1. In the stretch 554-566, what residues are touching a residue at least 24 places away in the same chain (Cβ under 8 Å) and either open to solvent by 40 Å² or more (accessible area, probe 1.4 Å) or in contact with a strand residue (DSSP E or B) (Cβ under 6 Å, 6 or more places away or on another chain) (or both)?
2. Kindly provide the set of residues from the stretch 98-133 that are among the charged types (D, E, K, R) and either open to solvent by less than 10 Å² (accessible area, probe 1.4 Å) or without any contact (Cβ under 8 Å) to a residue 60 or more places away in the chain (or both), ordered by number.
3. Given the structure, is Thr458 in a loop (DSSP other than H, G, I, E, B) and farther than 30 Å from Gly70 by Cα?
4. Going by the structure shown, is Pro423 surrounded by fewer than 22 Cβ atoms within 10 Å (Cβ to Cβ), within 28 Å of Asp252 (Cα to Cα), over 17 Å from the mean Cα position of the chain (by Cα) and in contact (Cβ under 8 Å) with a residue 24 or more places away in the chain?
5. Of the residues that sit in the stretch 347-398 and are buried (at least 24 other Cβ atoms within 10 Å of the Cβ) and among the hydroxyl-bearing types (Ser, Thr, Tyr), which one is nearest to Asp472 (Cα to Cα)?
6. Kindly evaluate Lys622 against the criterion of being modelled with pLDDT under 95 and either part of a strand (DSSP E or B) or of a type in the set (Lys, Arg) (or both).
7. Within the stretch 587-606, does at least one residue satisfy the condition of being open to solvent by 40 Å² or more (accessible area, probe 1.4 Å), farther than 18 Å from Gly446 by Cβ and not in a helix (DSSP H, G or I)?
Amino acid sequence: MPAKIIQPNAQPFQAVALDSITLDIIENALRNARSEMDAVLFRTAMSPGIREQHDAFPMIASNTGKMVVGQFGSFIHGFIEGYDGMIEEGDIFLTNDPYSCNGAVSHLNDWLTLMPIYREGRVVSWAAMFGHMTDIGGKVPGSLPTDAAQIFEEGLQIPPVKIFRKGELNSEIHSLLLRNCRMPHWNRADLDAIVAALRLAERRVHEIIDRFGVDEYIAAMSEMLDRNRRAMRSIIQMVIPERKQSFEDYVDDDGVGMGPYKLACAMWREGEKAIFDFTGTDPQSISSVNFLLNEEMFKMFLGSFFINLFDPQILFNDGFYDLVEVRIPEATILKPRRPAALSCRTHLLGRIFDVMGGLLGQGAPEALNAAGFSDSPHLMYSGYDAKGEWYQLFQIGFGGIPGRPVGDGPDGHSLWPSFTNVPNEFLESYFPLRIVEYSSIPDSGGAGLHRGGNGVCTGYEFLADGEISVHDDRWLTHPWGVNGGQPGSRSSKRLVRKDGTIEWLPAKCDRVKVFEGDILYFNTWGGGGWGDPLKRPADLVALDCRRGLVTREGARRYGVVINEDFSVDAAATEALRARIEAQRPPLQLFDRGGSVEELRARCKEETHLDPPKPPVFTKWMKAARAGL
């Protein structure tokens, strides 16, 4: 049965009219409060994943539980429906179980906290935040096994519990949680920092109400949600056609030698409602690449995409959610059944963005983005240092952003705009590592009128014996180019042993032993190109060559001949472009670099790795997906 929210004050809020200036002040105060939540967290957390890379997401929601400022959308309605207990002033809830919150968090490392904000006996807002914990137990350091078959192998599962009850810490649960982590001091500090951010949000909400009044605050939140809905309704009418459009993309493998797995989606509009139907997506995996996609989270992805593309001044929030319907079949890799493993879900999570781009751009190719860095590849490194102390690193890699209608894709960027890199100096100071290379990979971005962003090569020299785990994708399929643009390069992981022996690592692997003096070259992929490469101005290609982003040989993909002094050979360029244009096939809307079967056939030659075997699905998975 639904949770019971204890509100001693039963007086309803009064409807009031707000002038535009007051509304703007309250909106910007909430925006600032959200930014302050981040600042408190990043200054007081200890793990590099949160403190340095900012892998955490805050939210402030209305009294009805709809996100007004934040990033990952609200899960509060689902939480209230699923929590069998009382919610009182001073309570703070904690969970990390995706199956307990319908995928509001999508793997166990994300610890989600939620706090009701009371004012004189009534709930006036909610504050929430989740952050990625470096370790929560499980079969491998980092708690993200690539070969897990069930979620029980991935670490401690926390159903929704009150970590604070009426303002008092539940110390027994707190101790139990920390006892099951390999880095308890990091988890303690990170959780304390998250709670401090919630309390900061609570103070800011009270300050706004002190200044403007409680009814005015409630009215402002309602109007911000309504304003977002009006904007999104117009965008949906303008962008999404009534005719059905479909698109497919893939996750290359599952960490146990099978793949690719298909992600399929169709899109159309019925009246003012947009429909997204994932029928045709593969059944759930027997390994850990499954992604429990929360329907509200997909709406958030869509809204963020639309607002940033068409009207960035509008405050992004949950106001439009009733205008979008998301259909995800049960027992697929996007809605697996418990206890399916989820620890490698980052690859499908990121690939959703490529699928959205492929869907939304078909009706307007001039507005179509190529495929880009749709992932958050991980490196985990752990062991005992020379002093016998345990060390454990979790780091997210960056890659190439796709070529776009408005210009080139940025080089070496994160999937998430707010993420930052871990400084190399930090890594070398706190871990037995030396960074021997940190560079853009020339020619890794797909050629196009607008070039795809380049991937990044990071060379890690290990200064102590230990073990590494790798999570990555796009090693088999390419980030596709569009409108004649060429696909970006793939990812690769090359381990050079101290004696010079080279080992090519799979994109998903655990328990790889490394020794002092070994070097791992962790190469991420580039973004796809946009538009005809032969139309890119030759002087821009020459500039890319001077900057080390494109090689002289790579310039020939654009039909440009570059001299040794990086000047353009105009006559040779004109001749080369004419020859390429006469010999090439018609340009494609999407250039994937070949079909899946063609990529399989060339896999060993091009990647040094054996191609994955076709996925095996159990009978019950197939039947469940078919609704039988």
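The values are calculated or read from the model by the stated rules, or taken from the named source; none is laboratory data. Computed from a predicted structure; not experimentally measured. All Cβ positions, even for glycine, are placed from backbone atoms using ideal geometry, and neighbour counts span all protein chains on display. Accessible surface is based on the protein model in full, side chains and every heavy atom, while ligands, DNA and RNA are left aside. Shrake-Rupley method; radii C 1.70, N 1.55, O 1.52, S 1.80 Å.
1. Result: Arg557, Phe566.
2. Asp110
3. Details: in a loop (DSSP other than H, G, I, E, B): no; farther than 30 Å from Gly70 by Cα: yes.
It is false that Thr458 is in a loop (DSSP other than H, G, I, E, B) and farther than 30 Å from Gly70 by Cα.
4. Details: surrounded by fewer than 22 Cβ atoms within 10 Å (Cβ to Cβ): yes; within 28 Å of Asp252 (Cα to Cα): no; over 17 Å from the mean Cα position of the chain (by Cα): yes; in contact (Cβ under 8 Å) with a residue 24 or more places away in the chain: yes.
No; evaluated as a whole, the condition is false for this residue.
5. Here the answer is Ser374.
6. When the stated conditions are applied, Lys622 passes them.
7. No, the conditions are met nowhere in the stretch 587-606.
Rundown of residues vs (1) buried (at least 24 other Cβ atoms within 10 Å of the Cβ); (2) within 30 Å of Arg556 (Cα to Cα); (3) touching a residue at least 60 places away in the same chain (Cβ under 8 Å), yes/no style:
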| residue | (1), (2), (3) |
| --- | --- |
| Ser429 | no, no, no |
| Pro442 | no, yes, yes |
| Gly446 | yes, yes, yes |
| Gly452 | yes, yes, yes |
| Gly459 | no, yes, yes |
| Val496 | no, no, no |
